[in-house]
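Asks: Below you'll find the structure I mean.
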Amino acid sequence: MSDARDELGRIIGSLRGKLELERGFGSDSVVKGRMVDTPRDENKDDRVRKLAVLEEGASTCMKCRLSEGRTRAVFGTGNPHAELLFIGEGPGYEEDKQGLPFVGRAGQLLTKIIEAIDLTREDVYIANMVKCRPPENRTPRQDEIFTCTSNYLKYQIEWIRPKIICGLGNAAVQSLLNPTKGIGTLRGRFHDYNGIKFMPTFHPAYLLRSPGEKGKCWQDVKKIRAMLDELNAQ
């Protein structure tokens, strides 16, 4: 009986999210549970509005099992016009409480990493593969990542249109780039993600456990800084 109630709750949550998207983008923009391109005025950048509506939908989302244990959905934060987008794995305990990404110890280290390349958290955008905290901080499962990415992260990337994405850790990097290779093999050089330069590096939580790897991360983010400067000089 409880399983049936849970499934009914997921269906209701999904329908609620769909209605919120329809209110924000118009009914013609939502077809069979997915977003489609809408006509836009090229002189009017509406990414802020779109992201706000998408965040509202995420706040009540019940499309996967992770919604059952969340306190708050963690959509993302930062500059919607950011040139640099950081993507991590998923919210932890502190993030779940506050509804913001990377606010615990790993988040403090990420802030230092960002500031080390002469940027602030307000300059960049920070998001995760999944918007709800996995139980006991376990790694998100592939179906959870697929559901959250296809409904939320996909559009965050598309609408923010960053020049560079920095993938933090194996879950993000393998899901977005290559499911068969680990971070140790992929980091240190740029890859292509749908026309966007993608730099894999270690997750800050891993660096807290393995401080000897911080030097490699520093080499990665220095390459990001250099590439941003190069792209902006063109």
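The values are calculated or read from the model by the stated rules, or taken from the named source; none is laboratory data. Computed from a predicted model, the values in this text were never measured in an experiment. FYI the Cβ positions are ideal-geometry reconstructions off the backbone, even for glycines, and counts take in every protein chain you see.
Asks: Restricting to region 185-218, give me the number of residues that are of a type outside the set (F, W, Y) and in contact with a Lys or Arg (Cβ under 9 Å, 6 or more places away or on another chain).
Replies: 15
Asks: Sticking with this one: If the Cβ limit is 7 Å and pairs must be 6+ apart or interchain, which residue in region 218-231 that is part of a helix (DSSP H, G or I) pairs with which residue that is among the polar types (S, T, N, Q)?
Replies: Correct list of pairs: D220/T201; V221/T201.
Asks: For residues that are closer than 11 Å to N128 by Cβ, outside any helix (DSSP H, G or I) and either of a type in the set (A, V, I, L, M, F, W, C) or in contact with a Lys or Arg (Cβ under 8 Å, 6 or more places away or on another chain) (or both), tally how many sit in region 140-178.
Replies: Looking only at that region, the number is 1.
Asks: Quick check on region 97-120. Is at least one of its residues surrounded by fewer than 17 Cβ atoms within 10 Å (Cβ to Cβ), in contact with an Asp or Glu (Cβ under 9 Å, 6 or more places away or on another chain), part of a loop (DSSP other than H, G, I, E, B) and not aliphatic (A, V, I, L, M)?
Replies: No, that holds for no residue.
Asks: Listed residues I164, I183, I224; which is surrounded by 15 or more Cβ atoms within 10 Å (Cβ to Cβ) and at pLDDT below 95?
Replies: I183
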